[in-house]
Amino acid sequence: MKIITMDTSKCVGCRNCELACAFANSKETCERKASMIRVNHYIEEHAVIPMTCLHCEEPWCMAVCPAGAIVRDPVTNAVVIQQERCAGCKMCSLACPYGNIHFDVKLQVSRKCDLCGGKPKCVGHCIAAALNYEEIEDYSARVRKRVDIQLAERMKHRCSTNGGDGEDVR
């Protein structure tokens, strides 16, 4: 299963992903309100975090939709909203623990990332390579390797600072 992964350490906050998504969704504008990805700027924390739907394995939004408008795409495995079936009740927005479902006031329907049919425009326009569209297994392996390296470095540092016995001497 492919997902959009985000490396927040690489994001420069340019918002190209938002612009690409907005245009892909509206076909006429690059306004942020048309985008299904949001780049959140946390000035005090010196952090920039892109966020979009995570296409959960067990999506709460799908479980609470009274109209049955939220389904899993059999090709991309994306959790998608069938707008023609959406009742506009916003239950899915309330259920999403990540706040990644948006409401289109003009159309009176909920909207969210649909992975652009398997070719996410946000990923293709990310100048910093902070966004990737990859198999979840590949992402998990990369994260495990990074964590393993960090742990090995910590252990190495601890051993060198307290006589090599590996005990933490705090």
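Only the coordinates and a few stated rules stand behind these numbers; no lab work does. Predicted, not measured: the structure shown is a model, and the values here were computed from it. Neighbour counts run over all protein chains shown; Cβ positions are idealised from the backbone, glycine included.
Which is in contact with a helix residue (DSSP H, G or I) (Cβ under 8 Å, 6 or more places away or on another chain) and over 21 Å from Leu107 (Cβ atoms), of Pro50, Pro66, Pro74, Pro59?
Going through Pro50, Pro66, Pro74, Pro59 in turn, just one is in contact with a helix residue (DSSP H, G or I) (Cβ under 8 Å, 6 or more places away or on another chain) and over 21 Å from Leu107 (Cβ atoms): Pro50.
Would you check which residues across the range 6-40 are surrounded by 19 or more Cβ atoms within 10 Å (Cβ to Cβ) and either under 26 Å from Ser140 (Cβ atoms) or of a type in the set (A, V, I, L, M, F, W, C) (or both) and list them?
Met6, Cys11, Cys17, Leu19, Ala20, Cys21, Ala22, Ala24, Ala34, Met36, Ile37, Val39
Does the range 1-29 hold any residues that are without any contact (Cβ under 8 Å) to a residue 24 or more places away in the chain, assigned to a loop (DSSP other than H, G, I, E, B) and under 24 Å from Thr76 (Cβ atoms), and which are they?
The answer is Lys27, and nothing else.
Looking only at the range 66-81, count how many residues are over 17 Å from Met36 (Cβ atoms) and touching a residue at least 24 places away in the same chain (Cβ under 8 Å).
2
What's the number of the condition His41 fails, among (1) touching a His at 6+ places or on another chain (Cβ under 7 Å); (2) without any contact (Cβ under 8 Å) to a residue 60 or more places away in the chain; (3) closer than 19 Å to Tyr98 by Cα?
(1)
Taking the condition of being surrounded by 11 or more Cβ atoms within 10 Å (Cβ to Cβ) and either polar (S, T, N, Q) or touching a Leu at 6+ places or on another chain (Cβ under 8 Å) (or both), how many residues in the range 147-162 meet it?
Result for the range 147-162: 1.
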